[in-house]
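Asks: Below are the structure tokens for one structure; questions will follow.
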Amino acid sequence: LHAKNMQRFVWLVSVIAAASAVTTSTCPSLASLNTAAQTACDVPSVFSLFYTEVLGEGSRQFCVSGCVDAVEALTLAVPRCSTADTLLGQSGAIGLLRSLYQQQARACSSPSQACTQVMRAYSRWEASSQGNNCVNQALNFSTLPNDATAQATVASHCNGLCFSVPSAYLARLEHHSCTTWKAYRLLKLQTQETCSSIGGSHCTLVFNEQRSAAIIDQAQNSATPLAVRDSALDTLCTPCFFQFLRQHSALETSASNRMKELELLCAKDQSRYCYPRYTDAVAVTQTQGIANFSQTMCQVGVMDNCAAKIFGRLLRLGGLSTAQQTAYRAHIRSMCIVNPQNELCSARVDRAVAGFNSSGIYQGNYYKGPDTCATMHAGDTCLWGCQRLFTQVRDDFGCCYEAYQTYLREIPVQDVDGAFAHLDLVAAECSRPVKVACSVFNSESGTEGSVTFPFPVDFVQNVAGMRASLEADIEIILGRPPEAVHIVDVEGNDKSTTIRYSVLAQTAARAQNFIENLNSDINRAAVVAFDAEVQYALQCQGITCSMAVWLPSLTLLLLGWAVNALLL
């Protein structure tokens, strides 16, 4: 029975584990990642792995998938460890590993000879005094303060050859259909991350994981006051932060889950950040029952729709068991259901479900209604005193009686039938049937909203999976289940796609509230379509297509083409 319970009733255990789903410092795992890379690549130090393509020097394992994967894992972990240089015994470990990571990408798994030739030409420029100076400048930007002098320094870098030359090589790689090659994607990421700007401010001076590591840690530290965590998130969750997530999730697909974890930190409902409130709610309810869990997670004015937004994002992270997925979807759909008086059903039926503990098992005696009804058996006469008092209980429960049972079965928990069996018996014997379940979705509540994505409409309409990906992202951002969101219309041009959608809720007012929250996310540039970004980056071919999202200005593009003449 214990094994069966552990398998079925993972709903709250997984919720508690998810409270720390966002990875903090990677320092504790850095040593093992370093050892794994040394073993997979057959070298005494990963920093001796550098490969000279002309002479063919370097480890024989250089392009073996195990070595490539191990170096990638170590490279992605290093920026989240402030003592990486000490732990790895190498000054400037972040820059060196990033260079090695790019070098492996360029030397291995090229899709064509043409791609290899273009990348070799770029590597020769990068090794020149001019190219090397550009690379070193970009590496130094993460150490600069975000002030007017540094902004001018980055602007000078990005308005000159340091941006236009890589852009010209990227154009040649796109011409040769090299866009799925990791080497292309990493070069594009490096170029665009360095020179992305929003509102006249260069984002490389606003956010990167290394620069913002202390703020990220502070935002997750549940031991600090909520106001301190909110303040940290105000600093973290800028338009540049969300731009960073889009770029990395699209062009460095192995980092996609990490980007989704970071985005989870900045999820908002109305004006409040959801993640710190969610972790606080989990901490409070760890040893409490299901009813308290639901009431805390759905507390009006504190959580509102935050829990659903977090559960949706956790589903997007993947790696969940079937039971966990089932529970999360039930939480999103039904946990915060209310009656027509806008009262939480979990509170209305608390007497009947209070016995369910945090493992989903009913403890103690079942609630049997008024004392005058407690000993009733099938076929007994319903006495007037029982009938009168039970009628009050039934009316108190209202439509929540059936609705919350449905939620418990969806999670699922054990012995829902037992918890409600005596109440069902009394209702039948006293001819006091319970009311029908509260409506989860009122068909008359449908309210329309719209959101615009930076993808050409033809691409969205014609590439398999794009429309479904965007619809799924809208559901997650809204904090609504799939059956409550419907695409009404898709329109746009060669630069963007606007999706008109309809959202259902228990009332039109609640549906409108969901839309207003999404509009708020749009206004703070916080809408990230993770899977669609990946599809677009991998499948969109050519300059015209990629320009819509990535190239900051047509002027720089034309300058890149002019410089390209010098490279042929």
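Asks: Please report the carbon-and-sulfur percent of the accessible area for the chain; probe 1.4 Å, protein heavy atoms only, DNA, RNA and ligands left out. If you can, show how the numbers build up before the last one.
Replies: On the way: 12400 of 23900 Å².
Ligands and nucleic acids excluded, carbon and sulfur give 52 percent.
Asks: Taking 7 Å along the Cα-to-C-beta vector as the label spot, tell me the Asp494-Cys27 distance in nanometres, rounded to one decimal.
Replies: 5.2
Asks: What is the list of residues in segment 395-422 whose amide nitrogen lies under 13 Å from a point 7 angstrom out from the Cα of Lys435, following Cα to Cβ?
Replies: So the set is 395-404.
Asks: Of the listed peptides 522-534, 33-45, what is their order by residue-averaged count of other C-beta atoms within 10 Å, with the highest listed first?
Replies: Going by the mean number of other Cβ atoms within 10 Å, highest first, we get 522-534, 33-45.
Asks: If you don't mind, there's one more thing I want to ask. Among all lysine pairs in the chain that are eight or more places apart or on different chains, how many have alpha carbons less than 21 angstrom apart?
Replies: On the way: Lys182/Lys260; Lys188/Lys260; Lys188/Lys495; Lys260/Lys268; Lys260/Lys309; Lys268/Lys309; Lys368/Lys435.
Here the count comes out as 7.
Asks: Could you let me know the centre-to-centre spacing of segment 427-442 and segment 78-95, using Cα atoms, in angstrom?
Replies: That distance is 63 Å.
Asks: Using 1/(1 + (r/R0)^6) with R0 = 25 angstrom and r between the beta carbons of Thr391 and Leu226, what's the FRET efficiency to the nearest 0.05?
Replies: Values: r = 43 Å, r/R0 = 1.74.
Here the calculated transfer efficiency is 0.05.
Asks: If each of Ile198 and Gln512 carries a label point 7 Å out from its Cα toward its Cβ, how far apart are those two points in nm?
Replies: A separation of 2.9 nm, rounded to one decimal place.
Asks: Quick one: check the C-alpha center-to-center distance for segment 268-295 versus segment 200-257, whole angstrom.
Replies: Segment 268-295 and segment 200-257 have Cα centres spaced 22 Å from each other.
Asks: Here is a further query. Do any GluC sites (Glu not before Pro) in segment 328-431 lie in a DSSP loop with no more than 15 other beta carbon atoms within 10 Å, and if so, which? Numbers along the way, then the final one.
Replies: On the way: sites: Glu343, Glu402, Glu410, Glu429; in loops: Glu343.
Passing both the DSSP loop test and the Cβ count: Glu343.
Asks: In deg cm²/dmol, rounded to 500, what helix-only [θ] at 222 nm does the chain give when every DSSP H run of at least 4 residues adds -39500 (n - 2.57) and the total is split over its residues? Let's see the in-between values first.
Replies: Working: 30 runs with 324 residues, N = 568.
That calculation yields -17000 deg cm²/dmol at 222 nm.
Asks: How would you rank 386-398, 240-252, highest first, on the average number of other Cβ atoms within 10 Å across their residues?
Replies: Details: 386-398: 17.2, 240-252: 23.3.
Descending packing order for the listed peptides: 240-252, 386-398.
Asks: From a point 7 Å beyond the Cα of Asn342 in the direction of its Cβ, which residues of segment 426-448 have a backbone N at a distance under 12 Å?
Replies: none
Asks: Next question, about the same structure. For Gly492, which sequence-distant residues (separation of 5 or more, or a different chain) have an amide H within less than 5 Å of its own amide H, given hydrogens modelled in the peptide plane?
Replies: Thr498
Asks: May I pose another question? Report, by chain and number, residues whose modeled amide H sits under 5 Å from the one on Lys268, excluding near sequence neighbours (fewer than 5 apart, same chain).
Replies: For Lys268, whose amide H was placed from the backbone, the distant partners under 5 Å are Cys274.
Asks: Can you figure out the FRET efficiency of Asp234 with Thr39, using R₀ = 45 Å and their beta-carbon distance, to the nearest 0.05? Before the final figure, lay out each step's value.
Replies: On the way: r = 43 Å, r/R0 = 0.96.
Efficiency for this residue pair is about 0.55.
Asks: I need the calculated FRET efficiency for the pair Lys368 and Ser443, taking r as the beta carbon distance and R₀ as 35 Å, to the nearest 0.05.
Replies: Details: r = 37 Å, r/R0 = 1.04.
Here the calculated transfer efficiency is 0.45.
Asks: How about segment 110-151: which chymotrypsin sites (Phe, Trp or Tyr not before Pro) there lie in a loop by DSSP and see at most 12 other Cβ atoms within 10 Å? Let's see the in-between values first.
Replies: On the way: sites: Tyr122, Trp125, Phe141; in loops: none.
Nothing satisfies the criteria.
Asks: Please give the per residue accessible area of the chain, computed with a probe of 1.4 Å over protein heavy atoms only, in Å². Provide the component values of the computation, followed by the final result.
Replies: Details: 23900 Å² over 568 residues.
Per residue, the chain has 42 Å² of solvent-accessible surface.
The values are calculated or read from the model by the stated rules, or taken from the named source; none is laboratory data. Source: prediction; values computed, not measured. FYI the Cβ positions are ideal-geometry reconstructions off the backbone, even for glycines, and counts take in every protein chain you see. Surface areas here come from the heavy atoms of the whole protein model, side chains and all, with no ligands, DNA or RNA. Shrake-Rupley method; radii C 1.70, N 1.55, O 1.52, S 1.80 Å.
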